[in-house]
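Working notes, structure below.
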Amino acid sequence: DAGITQSPRYKITETGRQVTLMCHQTWSHSYMFWYRQDLGHGLRLIYYSAAADITDKGEVPDGYVVSRSKTENFPLTLESATRSQTSVYFCASSTLALYEQYFGPGTRLTVT
Amino acid sequence: DAKTTQPNSMESNEEEPVHLPCNHSTISGTDYIHWYRQLPSQGPEYVIHGLTSNVNNRMASLAIAEDRKSSTLILHRATLRDAAVYYCILSFQGGKLIFGQGTELSVKP
């Protein structure tokens, strides 16, 4: 039972490059979420998705793009990475909107 | 969006109960109260959630004030593995969670 996985776990990229972070869940959960966590801070919601082909913005969506063509995958793309996007990114999923969210292990992204 | 207020840090002794407070004075009638915790270098982990009534599960208990303006997460017997940052969160439409700073709990042997 793999649960929810994220790849890569660590990534270093240069300013201006496009980067895609992957998230995959094996539970067929309807809802999926992307958060970022900066050093010493709580998590902030970037985007979320209620089902395949349905996505919506969270608190900090600027500079990010998401898609969800399949229920189990929810990739997050930084179209032109900036240093301010250096962060740890967490993906999460849940069965229904108000049910508990299950988080992945995170991707540590460094933009140089 | 409704906000929560938690102490920055708390200390507890191993094997003793821990009461983690949270204030949410601007909570609306449809906001659920969630608690998550985050161990070092890991993703957050769900602990418990509730709407109006007190809730119990295998991990903890959630006590909600009658006016819903505050709540308390109760760990009945703290262990060293319970040392983490605990987040009190109000969820609303679409299941969006707005995390605050959380309370860093340290547990002394």
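The values are calculated or read from the model by the stated rules, or taken from the named source; none is laboratory data. These numbers were taken from a predicted model, which means no experiment stands behind them. In case anyone asks, the SASA skips ligands and DNA or RNA and just uses the protein heavy atoms, side chains included. Shrake-Rupley method; radii C 1.70, N 1.55, O 1.52, S 1.80 Å.
Quick notes on this structure:
- Accessible area in the full protein assembly, largest first, 1.4 Å probe, for A:80, B:106: A:80, B:106
- Surface calculation, 1.4 Å probe, protein heavy atoms: residue B:76 sits at approximately 110 Å² accessible.
- Computed over all pairs of different Cα atoms, the Kirkwood value for the hydrodynamic radius of chain A is 13.8 Å.
- 5 Å binning of all Cα-Cα separations within chain B, expressed as whole percents from 0 upward: 2, 13, 25, 26, 20, 9, 4, 1, 0
- log₁₀ of I(q)/I(0) at q = 0.09, 0.17 Å⁻¹ - the protein assembly as shown, Debye sum with one point per alpha carbon: -0.36, -1.20
- With all protein chains in place and ligands, DNA and RNA left out, the 1.4 Å accessible area ranks A:99, A:89 as A:99, A:89, largest first.
- Candidate lysines - alpha carbon under 17 Å from residue B:69, same-chain residues fewer than 8 apart omitted: B:3
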